[in-house]
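Enquirer: Supplied in structure tokens, the structure appears directly below.
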Amino acid sequence: MGRREDVIGKWSEEKLGLLEKYLKAYARIMNSQKRKWLKAFHYIDAFAGSGQARAKDEERYIEGSPLRALQCDPPFDCYWFIELSPWRVEKLKSLQSQFPNRKVIIRRGDCNKILREEVIPQITWESKQRALVFLDPYGLQVEWTTVVALAKEKTFDVFVNFPLMAVTRILKRGQSPEPWVEDLLNKVVGNTDWLQQIYRPSEQLRLFGKPPITRPALKAKQLVQIYAEQIFSLFGFVSNPVIMTNSKNAPLYTLFLASHNQTAVKVVNDIFSRYKRLREVGG
Ligand SMILES: C[S@@+](CC[C@H](N)C(=O)[O-])C[C@H]1O[C@@H](n2cnc3c(N)ncnc32)[C@H](O)[C@@H]1O
């Protein structure tokens, strides 16, 4: 049990680097507001993981999102780490013991329930608190109703890692989605009207009296736009996305920030633009 560990690849490390840059900028901005009106600012890691992971192809460890947040200077007033798996929760507890001066709340369970029932009701507009939420699932675990609840309060910035491949994988070419697929996408994206656009009956085959369903390959960029538009309908501002690909150049995830604050999105756009420039030159 104690020997279990997570192993991550290059793109995950890059994702963490981008998150860390925004964590620092967010903490600096929020800290300056504490002298004015702000009572407290929180970091909420809804898919916290185990705190650190081993690099896939090298003998070294990579600091996970909870550890990067705990090391942030200035510190957050409160850290929430939510994680489903028991062994990772144990690792998070030992990480917590290394930071006795930080206020850390660890919860084991499904983050949708914990966010909606415990966290969001505490960080209200009236309480003059703000929070940065990191949504970093492996698959399609973030429920749309959770995103709606976060947006409604207007106190949360949400740094989203949306799993593109988890969606493209279940949308089969040339065959309309099975009911469970449509239900799942509705639960996660909040709307599946866009499926009708993708699964148009082919005109040519319809002339022969057949109504087959066609689907050109769903482009990752289309999907990013669909999800980003959904998010945009709830939050006033959404950053430009970064798309992370695997070694075969297949899109895996997209990262972006949803916020009610234009400056927050501008900060993330700057961080992402610098990263994209470096990536282009192979840095
Ligand atoms: C991509 S990993 C998180 C990595 C972490 N954010 C980091 O960068 O160090 C996703 C984590 O979410 C956990 N998980 C999966 N479903 C969950 C759920 N419904 N609620 C909370 N955690 C969940 C998994 O056990 C896994 O540790």
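Enquirer: Determine which single condition E14 fails, assuming it passes every other condition in (1) open to solvent by less than 20 Å² (accessible area, probe 1.4 Å); (2) under 17 Å from the mean Cα position of the chain (by Cα).
Expert: Of the numbered conditions (1) open to solvent by less than 20 Å² (accessible area, probe 1.4 Å); (2) under 17 Å from the mean Cα position of the chain (by Cα), the odd one out for E14 is (1).
Enquirer: Can you tell me how many residues in segment 231-283 are without any contact (Cβ under 8 Å) to a residue 60 or more places away in the chain and either under 16 Å from the mean Cα position of the chain (by Cα) or open to solvent by less than 70 Å² (accessible area, probe 1.4 Å) (or both)?
Expert: 13
Enquirer: Answer yes or no as to whether G64 is small (G, A, S), surrounded by 16 or more Cβ atoms within 10 Å (Cβ to Cβ) and within 11 Å of the ligand (Cβ to nearest atom).
Expert: Yes; evaluated as a whole, the condition is true for this residue.
Enquirer: Given the conditions (1) touching a Lys or Arg at 6+ places or on another chain (Cβ under 6 Å); (2) away from the ligand (no atom under 16 Å from the Cβ); (3) over 21 Å from Y26 (Cα atoms), which single one is not true for Q129?
Expert: Looking at each condition in turn, Q129 falls short on (3).
Enquirer: If a residue has to be open to solvent by 20 Å² or more (accessible area, probe 1.4 Å) and within 11 Å of the ligand (Cβ to nearest atom) to count, how many in segment 18-32 make the cut?
Expert: So the answer is 1.
Enquirer: Going through W144, W87 one at a time, which residue ends up being more than 15 Å from L19 (Cβ to Cβ), more than 12 Å from the ligand (Cβ to nearest atom) and in contact (Cβ under 8 Å) with a residue 60 or more places away in the chain?
Expert: Just one listed residue meets the conditions, W144.
Enquirer: Among the residues of segment 23-56, which ones are touching a residue at least 60 places away in the same chain (Cβ under 8 Å) and farther than 13 Å from F76 by Cα?
Expert: Listed by number, the residues that qualify are W37, A46, F47, G49.
Enquirer: Just to confirm my filter: which helices (runs of 4 or more DSSP H) fall fully inside segment 72-187 and include at least 2 residues that are surrounded by 17 or more Cβ atoms within 10 Å (Cβ to Cβ), modelled with pLDDT of 95 or more and of a type in the set (K, R)?
Expert: Qualifying helices (runs of 4 or more DSSP H): 86-97.
Enquirer: Out of segment 33-61, which residues are within 17 Å of F156 (Cα to Cα) and surrounded by fewer than 21 Cβ atoms within 10 Å (Cβ to Cβ)?
Expert: Selection gives Q33, K34, W37, L38, K39, A40, F47.
Enquirer: Further question: Looking only at residues that are aromatic (F, W, Y) and touching a strand residue (DSSP E or B) at 6+ places or on another chain (Cβ under 6 Å) in segment 1-42, which one is nearest to P251 (Cα to Cα)?
Expert: W11
Enquirer: Are any residues in segment 1-11 within 14 Å of the ligand (Cβ to nearest atom) and either open to solvent by less than 50 Å² (accessible area, probe 1.4 Å) or not in a strand (DSSP E or B) (or both), and if so, which ones?
Expert: R4, E5, D6, I8, G9, K10, W11
Enquirer: Can you find a residue that is away from the ligand (no atom under 12 Å from the Cβ) and in a helix (DSSP H, G or I) anywhere in segment 51-59?
Expert: no
The values are calculated or read from the model by the stated rules, or taken from the named source; none is laboratory data. Note that this is a predicted model, so its numbers are computed, not measured. Using ideal geometry, Cβ is built from the backbone for each residue, glycine included, and neighbour counts are taken over all protein chains shown. We work out accessible area using only protein heavy atoms, side chains counted, and drop any ligands, DNA or RNA first. Shrake-Rupley method; radii C 1.70, N 1.55, O 1.52, S 1.80 Å.
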